[in-house]
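Scroll down for the structure; my scribbles are underneath it.
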Amino acid sequence: MQAGQKNKETIAMPFLRERPRLAKRPHASRGAGFSLIELLVIIAIILIIAILAIPQVIRERIVANEAAAVSALRTLASADLIYSSAYRSGYAPSLVALGPPAGGRPASAANADLIDAELASGARSGYTFIYAPADTTGTGQFDRFSVNANPISPNVSGQRYFFVDQSNVLRFEVRGPANANSTPIPSK
């Protein structure tokens, strides 16, 4: 009966039974984690996503830089018209003359405070701005001006070259600096 009793106790209390031991895996003692192959797969997926996303980010930056250049040219053309009207001495002799005065001094013909210091320096958003006033009448006053906006790094900071003059018509070229004969940008 003892054998039978022992059998009944084992059936009645299964948690007392000895369980077979599983063989330990060599890396199980290190704790939970990723295997090398799993990490390589994750890195490969991240690289593929980056490869697909980076060209789009570059294109968006170029579009943003070009929009900023066009906006800056509109600002420069308007500022030059205001300068001509306010100081009655023709158009500004330089971008610096359209910029802010140093040290909190009041605006003058030398520094009209019509544009910010960054634009007055001749560079903004991946573009350089080249200002060229002209005195075609010989009166000593600039009666014409033109501004070129050229990408600092073509096809990286911008793809198009822009131009504006006293006519306030914005123009662009794709292969090189724009001029008065370049394609006009449609106004919105």
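Bear in mind these aren't lab numbers, they're just calculated from the coordinates by the rules spelled out. It should be emphasised that the depicted structure is a prediction, and the values quoted were computed from it without experimental measurement. Heads up, the Cβs are rebuilt from the backbone with ideal geometry, glycines too, and the neighbour counts pull from every protein chain shown.
Annotations
- Per residue convex hull volume, Cα atoms of the stretch 65-130, in Å³: 69
- One equal scatterer on each Cα of the stretch 75-188, no solvent, Debye formula: the resulting log10 I(q)/I(0) at q = 0.15, 0.19 Å⁻¹ is -0.66, -0.99.
- Taking the three principal axes of the alpha carbon atoms in the stretch 125-184, the coordinate ranges are 42, 20, 15 Å, sorted in descending order.
- Student exercise, the stretch 38-188 dipole from Lys, Arg, Asp, Glu Cβ charges, in Debye to nearest 20: 180
- In this structure the amide hydrogen of THR128, modeled in the peptide plane, comes within under 5 Å of the amide hydrogens of ASN150, ILE152, none closer than 5 places in sequence on its chain.
- In this structure, ILE46 and VAL174 have a Cβ-Cβ separation that, at R0 = 22 Å, corresponds to a calculated FRET efficiency of about 0.05.
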